[in-house]
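To keep things clear, I will list the structure first and then write my remarks on it.
The values are calculated or read from the model by the stated rules, or taken from the named source; none is laboratory data. These numbers come from a predicted model, not from an experiment. As a convention, Cβ positions derive from the backbone with ideal geometry for all residues, glycine included, and neighbour counts pool all protein chains shown.
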Amino acid sequence: MRRYAKTFIPRQDCYPIQTEDGRYLTIKRRFQLDYLQAHLKGIMTLGAYALDEHSRARWLCLDADMPEQWGELLKMTKDLEQDGITAYLEPSRRGGHLWLFFSPIPGATARQFGQRLLGRYGLQGIELFPKQDVLKTGPGSLVRLPLGKHRLTGQRYYFVTPEGEPIAPSVREQVRLMSAPQIVPPDYIRHVSTERSPVDLSQVKPLFPEASHEPAGATLSERLKNSISVYDFVRRYVELDQNATGCCPFHEDQHKSFGVNREENFWHCWAGCGGGSIIDFWMKWRQLQGLDSSFTATIKSMADMLLPR
Ligand SMILES: [Zn+2]
């Protein structure tokens, strides 16, 4: 029990509980092992904060809420297995969680590792916990502590193999296994965090609807710019809010420094990453991916993505 708590719960000075409507409340009291007992019995449901008081993470959780995304996480698990890395799968109703465990590392390192893993597959829309690199106010993001009951649905979810079989037959046995999960070696974290993605994201999935007609323009770059708005292009790669702003993909950004001006059809980073057309965006994006980011290579890749063949 103590070791199960140690696996998932990074801080003990406060803890989150799930209320009957599915939300979480922070209880500013010391965590007790009795609560974990109650959690496993389904009497109460705890959350687990992703970072400790010093913004260190001992796990990374990728949260898929759609069946297709879950399929990608299964694939990722099998690929990691080939590298000798164990990921733990906890399916839920429509998607599920993929967990990876560490000896405590800075939250920023854990997140970078997670982002690189998602980048390998060109995965978008999968939430990454911890959500913060560093805690500023409050205990930050949390995930439902596994093997408890979801208050709203009354469901309990188990850890499974990539084939969908429970990793152990009972809650007690699952707790025992998850009390000493395989950790990702620091070397592997470094390796993934520094690797350049060989995958051109545009090649992974058809992100754009097939263009039905050749857009107007005298030059290839004009035709590209006329084929799609900056907003529609960029939002495939950057999560934008209703004001068309979001976190800049080109620098370590926690302040939503990035935005698209929809009227004037350009993007911009207020922190100094520049801005401009979809071509400027894609050049920088390719640079980030370690791909040829020359003008010629960039517009050729965009023509493949955006123009009818
Ligand atoms: Zn920026």
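If we keep just the residues of segment 112-127 that are crowded, with 19+ Cβ neighbours inside 10 Å and touching a strand residue (DSSP E or B) at 6+ places or on another chain (Cβ under 6 Å), which is nearest to Glu68 (Cα to Cα)?
In this case the residue turns out to be Ile126.
Restrict the check to segment 81-103 and report whether at least one residue is buried (at least 17 other Cβ atoms within 10 Å of the Cβ) and assigned to a helix (DSSP H, G or I).
So the first thing to find is which residues in segment 81-103 are buried (at least 17 other Cβ atoms within 10 Å of the Cβ), and the list is 85, 87-91, 95-102.
If we keep only those that are assigned to a helix (DSSP H, G or I) too, we end up with none.
Scanning segment 81-103, I find no residue that is buried (at least 17 other Cβ atoms within 10 Å of the Cβ) and assigned to a helix (DSSP H, G or I), so the answer is no.
Does any residue of segment 44-65 turn out to be among the small types (Gly, Ala, Ser) and closer than 14 Å to Ile126 by Cα? I'd like the intermediate steps shown before the answer.
At the first step, the residues of segment 44-65 found to be among the small types (Gly, Ala, Ser) are 47-48, 50, 55, 57, 64.
Those left that are additionally closer than 14 Å to Ile126 by Cα: 64.
Looking through segment 44-65, at least one residue is among the small types (Gly, Ala, Ser) and closer than 14 Å to Ile126 by Cα.
Quickly run through segment 133-153 and pick out the residues that are part of a loop (DSSP other than H, G, I, E, B) and either free of Cβ contacts under 8 Å to residues at least 40 places away in the same chain or crowded, with 17+ Cβ neighbours inside 10 Å (or both).
Kept after step one, since they are part of a loop (DSSP other than H, G, I, E, B), are these residues of segment 133-153: 133-141, 145-148, 150-153.
Of everything in segment 133-153, those that are part of a loop (DSSP other than H, G, I, E, B) and either free of Cβ contacts under 8 Å to residues at least 40 places away in the same chain or crowded, with 17+ Cβ neighbours inside 10 Å (or both) turn out to be Asp133, Leu135, Lys136, Thr137, Pro139, Gly140, Ser141, Leu145, Pro146, Leu147, Gly148, Arg151.
Consider Glu90 carefully, then state whether it is under 16 Å from the mean Cα position of the chain (by Cα), modelled with pLDDT of 95 or more and among the charged types (D, E, K, R).
Considered against the rule, which asks whether it is under 16 Å from the mean Cα position of the chain (by Cα), modelled with pLDDT of 95 or more and among the charged types (D, E, K, R), Glu90 comes out as yes.
How many of the residues making up segment 210-238 are more than 16 Å from the ligand (Cβ to nearest atom) and in contact with a Gly (Cβ under 6 Å, 6 or more places away or on another chain)?
Residues flagged as more than 16 Å from the ligand (Cβ to nearest atom) and in contact with a Gly (Cβ under 6 Å, 6 or more places away or on another chain) within segment 210-238 amount to 2.
Do you know which residues across segment 239-258 are within 11 Å of the ligand (Cβ to nearest atom) and out of contact with any Lys or Arg (no Cβ under 9 Å at 6 or more places or on another chain)?
Passing the criteria: His251, Glu252, Asp253, His255, Lys256, Ser257, Phe258.
Applying the selection to segment 167-192, what residues are at pLDDT below 95 and under 25 Å from Gly22 (Cβ atoms)?
Val171
Among (1) over 30 Å from Thr109 (Cα atoms); (2) within 16 Å of the ligand (Cβ to nearest atom); (3) not β-branched (Val, Ile, Thr), where does Leu288 come up short?
(1)
Just checking: which of the strands (runs of 3 or more DSSP E) contained wholly in segment 193-309 hold 1 or more residues that are among the hydrophobic types (A, V, I, L, M, F, W, C) and modelled with pLDDT of 80 or more?
Working: elements: 258-261, 266-269, 274-276.
Hits in segment 193-309: 258-261, 266-269.
Only strands (runs of 3 or more DSSP E) wholly contained in segment 20-66 count here; list those with 3 or more residues that are over 18 Å from Gln155 (Cβ atoms).
24-27, 56-64
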